[in-house]
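The values are calculated or read from the model by the stated rules, or taken from the named source; none is laboratory data. In this text the structure is predicted, and so the values were computed from the model without any measurement. A quick note on method: Cβ atoms are made from the backbone with ideal geometry, for glycine too, and the neighbour counts reach across all protein chains shown.
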Amino acid sequence: MRRIALTLPLFAITLVGCKKIDELQAALDESTAELTSTKSSLDAQKRSNAELRAANQLLEATLAELRAEVQELEGQIASLASDMETTSEELAALRKEKAEREKELAVYEELVAQLRSLVDAGTIKLEIRKGRLVVKLANEILFDSGRASLKQEGQDALAAVAAALRTVEGRDFLVAGHTDNVPIKNSRFRNNWDLSTARAISVVEYVVAQGMDPRSLGATGFAEFDPVDDNSTSEGRALNRRIEIILLPNLAELPGVRKVLEGK
């Protein structure tokens, strides 16, 4: 009997010890998972910050190029003005080109200034792509997966963007939807063309409701066929899922375009 009495307390102690070890292991596992998650978040933030710095540097470089072109035109005008063989027509054409470049530069600088807070917050990205100023918004801000209805977070971002774009007079904007290369599995949309176009239309309708002139807006979808990153990685696919609001150039303002169109 005594041996049995001694065995029972030992067994109870063993059970308590095992339970404590299990609790400690569970706590350790939880802490490890939290640490891993935090590290992943920090790594993602570092990548986002690096991309933001690169986009800002490219934008500033483009603005610097435009400023340099204006200064170069000023020098050409001064040089030609002192040349007795230069005709008044040539000087007028050069002055007109300089005025148009200054106008273009002013539009870019004003937009950048108004959207700077959204850029710094990481809500949007501004860049020069294919020679055009682009306001880029990630789909994660605007839409849930496989959907074309705007989330509240997306509406807030677009309201701020629309307030800035409304100040640009005499220019048109193209809202372009883009997806990754994963086929859509949704009965509502036939394919990624359909989804990307529906998202662009949702954005146009919302910014019009925010006061933008519908006559200055267009909507289109590029599906997965205009990527900005590699679709073979999850990070690349996330960057490819986006909405771009493109400031369209006014070709009529470019020197010589009208003459070319008229065959002169």
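Of the strands (runs of 3 or more DSSP E) lying entirely inside the range 90-196, those containing at least 1 residues that are of a type in the set (Asp, Glu) are 125-129. Counting just the residues of the range 239-264 that are at pLDDT below 95 and surrounded by 13 or more Cβ atoms within 10 Å (Cβ to Cβ), which one comes out farthest from Arg95 (Cα to Cα)? That would be Leu239.
Per the conditions (1) modelled with pLDDT under 65; (2) under 30 Å from Thr167 (Cα atoms), the sole criterion not satisfied by Gln45 is (2). Taking the range 174-201 as the range and being out of contact with any helix residue (DSSP H, G or I) (no Cβ under 7 Å at 6 or more places or on another chain) and of a type in the set (S, T, N, Q) as the test, the residues that pass are Asn181, Asn186, Ser187, Asn191, Asn192, Ser196, Thr197. Kindly indicate which of Leu142, Leu126, Leu118, Leu158 is aliphatic (A, V, I, L, M), modelled with pLDDT under 95 and buried (at least 20 other Cβ atoms within 10 Å of the Cβ). When all the criteria are applied, what remains is Leu126.
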